[in-house]
Amino acid sequence: MKITNLIRLAIRALQRNKLRALLTMLGIIIGVAAVITMMSIGEGSKLSINESLSSMGSNMITITPYSNEPGGATMMGSNLKNLTIVDVEALEKDAPNIDKISPLASSSGQAINGASNWPTSIQGVSPEYLDIRKLEIKDGIPFSEEDVKSSAKVCLLGQTVVDNLFPNGEDPIGKIIRFNKIPMQVIGTLVPKGQSNFGQDQDDIILAPYTTVQKRLLSSIYFNSIYASAISESASIAAVEDVTNALRGTHRLRADQEDDFQVRTQEELMSTLNSISSMLTTLLTAVAGISLVIGGIGIMNIMYVSVTERTREIGLRMSIGARGIDILLQFLIEAIMISITGGVIGVALGVSASLIISSLLNWPASISDTSIIVSFFVCAVTGIFFGYYPALKASGLDPIEALRYE
Amino acid sequence: MSKKILEIHDVKREFTMGSETVRALKGVSFDVNAGEFVTIMGSSGSGKTTLLNILGCLDKPSNGIYMLDNVNIKELSRDALAKLRNTKIGFVFQAYNLLPRTSALENVELPLLYNPSISTKERRERAIASLEAVKLGDRLDHTPNQLSGGQQQRVAIARALVNEPVMILADEATGNLDTRTSYEIMSLMQELNQQGKTIVFVTHEPDIAAFSSRTVMLKDGKVQKDTQNMNSRSAREALISLPVSDDY
Ligand SMILES: Nc1ncnc2c1ncn2[C@@H]1O[C@H](COP(=O)(O)OP(=O)(O)O)[C@@H](O)[C@H]1O
Ligand SMILES: [Mg+2]
């Protein structure tokens, strides 16, 4: 039989049993829609992470205290304190690939303005911090090296802090606020950055000279971390080496001792996050793939039912001249039609779901052509694979027995 | 001397069911010439259907020779047999075997669909001509459940004719029909026979056999009698003489 006639025949058979065909397709529809949605969510999250990380400055380097003593617990961040102004000065002097540098000493507490108060944290930094983190002044002016030297009681407010301390929309510039009872003058506000990928409010900050935070709030000589920027993105690796050498010097580490600090580039962070999100994507896609297989088994099941139901028809067709291959193709094409129609519906559903999700989560929508082509291909293969055995069974029937079948 | 369409020589057919062997045909021999109208008679279980299936290339003899149109079918593959059925044989079944929910026209087109040398246009034209030949030219779009038993059998006959086969094989084709309709079908068969079609018609009713030109009697898988019917009845005349009230 000609292929066009076979296709017409398959369409007719499916139209006769619309509901059954649709139910059979359901597995494929869900599978394909899931594959496309999962892949687009994975891609979208990757894009959005990369976008926001590069907006933080792609040549940024972070230095934090770190201990990986054998037998001891891994410690990170605030528990361990070994970074001081000596390290910062050493980096300024001995790290040629470092451009800007800022220590960070942070303290959490209450910010108060008159009757308004707001629990937040204050970051003690150097003036270069703004450049390193790509922060911009909205109103007012940044603090200066002079302010650092004199531990001036001045600060810059993020938008969230402004909104909470000045709820009536007054101009915060020049006002005195209190942070943990220390009065500080607001000299500027920051351009809002919005939420980070991890749901953190990046505008809920107060910036002040690190000397002010260290002396007046923390009474400590230690920093939580040091931020720096490499002279260029390509110099990142060399800069990491510079930093490591300089800090091993200031910390007086012997050759056999491990680093007691960790130096991370933005790029590393990016690739870590990307590999996490790729892993998630792979996992989700595998789950979606399994539902495709289940869909295929559904097709196989219904095709077996269909072959049994139409045994007499098969016998008749054979008795008037259908060859085994004609019968095989008839049922195979029917199975492929089911899976491909399911695929088309699944693609439509998956694309709409991806668009809706990306608009809800504020992600860049990313529906790759490959995921659509691959799903289509997989559908056709599913149809062939799972339709083949029922079709083979049909084509191998004995015409006389098939005609006699009740 | 007219051409031999089929020759069977000492044809045997055995079915093995587990340890038991059923001998359905125990050595049947006869020839059929082109243009003959043969009925195969015999009681139930005498092997009529088994024989007809072999003649129709749906089945092969366990033993013996079957020559169709001078081709020994023993040597043919499954696909070659399918092609023979498609081009040389027209089957008519007791149960009509039409595709449900499919129009008369499409049912008749079916054999031509398996013949790749025929175009869509030719297929349609031949199917219509075939339906007109069985006087169903006004029922092209009717599906089987919209047709009476006699009409359905006529669609089946049209389907058997559409490939212009060398012979028509019918297995109890009137078995499900009342007398009047049976006679109508037989009248149609006689017409086709007069137009030159060879017909082998299986029946167990003697009055149906009376319309043919020759009767082969089967008994227990053997030919019991093979008689020429010199003065066969005309089915059309039989139809006229049938009392009208007979149709209930
Ligand atoms: N496929 C089969 N398997 C086993 N026995 C069969 C088969 N087909 C026919 N027979 C047996 O062969 C004999 C002849 O059957 P059949 O040709 O159908 O008789 P008829 O058509 O004359 O009534 C019967 O005894 C029947 O039981
Ligand atoms: Mg029979």
Pulled fully out, how much extra length does the chain show between residue A:255 and residue A:268, if you take 0.36 nm times their separation in residues and subtract their Cα-Cα distance? 2.2 nm
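Taking the Cα centre as origin and putting +1 on Lys and Arg beta-carbons and -1 on Asp and Glu beta-carbons, what dipole magnitude results for the protein assembly as shown, to the nearest 20 debye? Don't skip to the answer; put the middle values down first.
Working: 61 positive and 68 negative charges, 515 e Å.
Once rounded to the nearest 20, the dipole reads 2480 debye.
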Mean-square fluctuation check for chain B, GNM, Cα pairs under 10 Å: which of B:121, B:225, B:48 is largest? B:121
Taking alpha-carbon centroids only, the stretch A:359-398 lies from the stretch B:223-243 a number of Å equal to 62
Between A:305, A:32, A:347, where does the largest GNM mean-square fluctuation fall for chain A, given springs only between Cα atoms within less than 10 Å? A:305
At 7 Å along the Cα-to-beta-carbon direction for both residue B:219 and residue A:185, put a label point, then send me their distance in nm to one decimal. 13.3
Partner shielding of B:79-91, taken as the mean number of other chain Cβ atoms within 10 Å, equals 4
Efficiency by 1/(1 + (r/R0)^6): what FRET value for residue A:237 and residue A:388, r their Cβ-Cβ distance, R0 = 45 Å, to the nearest 0.05? 0.25
Only bridges with both residues in the protein assembly as shown count here: give the DSSP antiparallel percent, nearest 5. 70
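Given a cut-off of under 8 Å on Cα pairs at least six residues apart, what relative contact order in percent is computed for the stretch A:250-404?
It rounds to 39 percent for the stretch A:250-404.
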Calculate the spin-label point distance for residue A:85 paired with residue B:62, positioning each point 7 Å from the Cα along the beta-carbon direction, and give it in nanometres. 11.1
Residue-averaged beta-carbon neighbours from other chains (10 angstrom radius) around B:54-65: 1
With an 8 Å Cα cut-off and a minimum separation of 6 or more residues, compute the relative contact order for chain A in percent. 29
Considering the Cα trace of the stretch A:208-323, what is its radius of gyration and what is Dmax, both in angstroms? 33.1, 100
For peptide A:311-317, the mean count of other chain Cβ atoms within 10 Å per residue Cβ is 4
Across A:156, A:361, A:284, the residue with the highest GNM fluctuation in chain A (Cα network, 10 Å cutoff) is A:361
Most packed first (mean Cβ within 10 Å per residue), the peptides A:383-391, A:14-22 order as A:383-391, A:14-22
With bins of 20 Å, the percent of all Cα-Cα pairs of the protein assembly as shown per bin from 0 is 15, 28, 17, 13, 15, 11, 1
Around residue B:92, which amide H atoms from residues at least 5 apart in sequence, or from another chain, sit under 5 Å from its own amide H, with H modelled in the peptide plane? B:169, B:170, B:171
Rounded to the nearest Å, the spacing of the alpha-carbon centers of the stretch A:292-334 and the stretch A:31-45 is 33
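Please give the length that would be gained between residue A:110 and residue A:348 if that part of the chain were fully extended, namely 0.36 nm times their separation in residues minus their C-alpha to C-alpha distance (nm, one decimal).
Values: separation 238, 0.36 × 238 = 85.68 nm, distance 5.14 nm.
Full extension of this stretch gives 80.5 nm more.
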Relative contact order, percent, of the stretch A:81-259 when contacts are C-alpha pairs under 8 Å separated by at least 6 residues? 35
Listed highest first by mean packing, meaning other Cβ atoms within 10 Å per residue, what order do A:174-185, A:252-263, B:55-66 come in? B:55-66, A:174-185, A:252-263
So for the stretch A:328-406, using the alpha carbon gyration tensor with a ≥ b ≥ c as root eigenvalues (a/c under 1.5 gives rounded; past that, a/b versus b/c decides prolate or oblate), I'd call it prolate
Cross-link partners among lysines for residue A:393, C-alpha distance below 25 Å, same-chain residues fewer than 8 apart left out? A:2, A:18, B:60, B:74, B:83
So for the stretch A:215-371, taking the charge dipole from beta-carbon charges (+1 Lys/Arg, -1 Asp/Glu), which of A:262, A:328, A:220 sits furthest toward the positive end? A:328
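Taken together, the values in this text are just the output of simple stated rules run on the coordinates, not laboratory data. Quantities reported herein were computed from a predicted structural model and do not represent experimental measurements. All Cβ positions, even for glycine, are placed from backbone atoms using ideal geometry, and neighbour counts span all protein chains on display.
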